[in-house]
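These notes are about the structure you will find just below.
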Amino acid sequence: MNHLSADKLLFATHNPAKVSELSRLVSPSKKIVSLADLNYKDEIPETGDTLEENALQKAQTIFKRFKIPCFSDDSGLFIEALNGEPGVHSAHYSGKRDYRINNQLVLEKLAGITNRKAYFKTIFCLIEADEKTTYFEGIVNGSIAEESTGENGFGYDPIFIPEGHTKTFGELSASVKKALSHRARATEKLIQYLGAKE
Ligand code: ITT
């Protein structure tokens with residue numbers, strides 16, 4: 001079994017925005033090692049019907065390849081009036097992996113609908129050296145804006161207004177997202193779990 005030093009975590013994602021959010025979330029106690037750091041560019045299959053299945057698939061792919069404990073993140077935006085869509089299909093809701101087009105599609109589907117309730121959910125899947133597999137969940141409730149605003153964050157951030165705020169994650173600062181996002185909440189649980197083992 002290869003291993004990283006205890007202060008390093010291998011993150012099984014190809015999404016650079018997730019890597020930078022995680023790096024800020026775990027700093028200064030831990031450092032994130034990304035697949036880019038390992039020069040790993042192969043596509044990782046995500047063929048599951050749930051966030052858990054996809055997170056497991058991603059973590060297993062990377063664990064098998066590097067034989068290093070690692071964790072993955074599968075996330076999605078769940079909109080009440082759209083029966084939970086885009087959900088597990090968030091990354092390519094329109095058929096394309098294009099944030100602007102996917103945001104536009106959501107806004108079109110919600111045109112004239114007053115129920116804008118939605119939540120983001122993240123599932124982390126951690127695989128440890130003994131192959132013990134553990135999941136960590138984070139959710140942030142909120143609503144879908146009438147239009148896309150702001151350049152911060154990534155994905156659906158410009159159309160998502162977190163509960164307790166009047167602006168989208170696209171407009172709010174990175175420090176607000178860091179304090180209350182779905183990913184921040186899952187990270188808190190992951191760090192607590194790892195801390196209890198040290
Ligand atoms: P990896 O699988 O390589 O980790 P990905 O972008 O494909 O990267 P997901 O499969 O988890 O990640 O796709 C989730 C999609 O949901 C993502 O592409 C974004 O469109 C959206 N999303 C996830 N987290 C988000 C966040 O914090 N803010 C806005 N949109 C987010």
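The values are calculated or read from the model by the stated rules, or taken from the named source; none is laboratory data. Predicted, not measured: the structure shown is a model, and the values here were computed from it. Methodologically, a virtual Cβ is constructed for each residue, glycine included, from the backbone with ideal geometry; neighbour enumeration extends over all protein chains shown. What goes into the accessible areas is simple: the full protein's heavy atoms, side chains included, and nothing from ligands, DNA or RNA. Shrake-Rupley method; radii C 1.70, N 1.55, O 1.52, S 1.80 Å.
At 1.4 Å probe size, what's the solvent-accessible area of Ser27? Round to the nearest 10 Å².
Rounded to the nearest 10, the figure is 70 Å².
Roughly speaking, what is the stretch gain from Thr166 to Lys109, that is 0.36 nm per residue apart minus the C-alpha to C-alpha distance, in nm to one decimal?
Going from the current span to full extension adds 18.4 nm.
Along the principal axes of its C-alpha atoms, what lengths does segment 6-127 span, in descending order and rounded to whole Å?
Here the Cα extents, ordered largest to smallest, are 51, 30, 22 Å.
Would you pull out the residues with amide H under 5 Å of Gly48's amide H, same chain only if 5 or more places away, H placed 1.01 Å from N?
Amide H to amide H, under 5 Å and 5 or more residues apart or across chains, Gly48 pairs with Asn54.
For segment 129-183, take the alpha-carbon Rg, divide it by the Kirkwood Rh, and send me Rg/Rh.
Ratio of gyration radius to Kirkwood radius for segment 129-183: 1.14.
Using the Karplus equation 6.51 cos²θ - 1.76 cosθ + 1.60 (θ = phi - 60°), what ³J(HN,Hα) coupling, rounded to whole Hz, does each residue of segment 174-180 give in order, writing x for Gly and Pro?
Once θ is set to phi - 60°, the couplings for segment 174-180 become 4, 6, 5, 4, 4, 7, 9 Hz.
Counting other C-beta atoms within 10 Å, and keeping those with at most 12, which DSSP coil trypsin sites (Lys or Arg not before Pro) do you find in segment 1-45?
Passing both the DSSP loop test and the Cβ count: Lys41.
Which whole-Hz couplings ³J(HN,Hα) result when phi for each residue of segment 57-73 is put into the Karplus expression 6.51 cos²θ - 1.76 cosθ + 1.60, θ = phi - 60°, listed in order with x for Gly and Pro?
So the J values, rounded to whole Hz, are 4, 5, 5, 5, 4, 6, 4, 5, 6, 9, 6, 10, x, 7, 9, 10, 9.
Percent antiparallel among DSSP beta bridges with both residues in the chain, to the nearest 5?
For the chain, the DSSP antiparallel bridge percentage is about 80.
Counting other C-beta atoms within 10 Å, and keeping those with at most 13, which DSSP coil trypsin sites (Lys or Arg not before Pro) do you find in segment 50-121? Don't jump to the answer; show the numbers that get you there.
Numbers: sites: Lys58, Lys64, Arg65, Lys67, Lys96, Arg97, Arg100, Lys109, Arg116, Lys117, Lys121; in loops: Lys67, Lys96, Arg97, Arg116.
Here the sparse-neighbourhood loop sites are Lys67, Lys96, Arg97.
Counting each pair of different Cα atoms once, what's the Kirkwood radius of segment 77-198 in Å, rounded to one decimal?
Radius from the Kirkwood sum: 15.3 Å.
Using the Karplus curve 6.51 cos²θ - 1.76 cosθ + 1.60 with θ = phi - 60°, work out ³J(HN,Hα) for each residue of segment 141-150 in order, rounded to whole Hz, and write x for Gly and Pro.
7, x, 8, 8, 5, 6, 8, 7, 9, x
With N set to the residue count of segment 92-158, report its C-alpha Rg divided by 2.2 N^0.38 Å to two decimal places. Write down the numbers at each step before the final one.
On the way: Rg = 15.7 Å, N = 67, 2.2 N^0.38 = 10.9 Å.
That ratio works out to 1.45.
Kindly express, to the nearest 10 degrees and within the range 0 to 90, the angle between helix 182-197's C-alpha long axis and the longest C-alpha principal axis of the chain.
20 degrees
Round to the nearest 10 and report in Å² the accessible area of Asp73, as given by a 1.4 Å probe over the protein chains' heavy atoms.
0 Å²
Ser5 to Lys96: FRET efficiency via 1/(1 + (r/R0)^6), r the Cβ-Cβ distance, R0 41 Å, to the nearest 0.05?
That pair, Ser5 with Lys96, gives E of 0.55.
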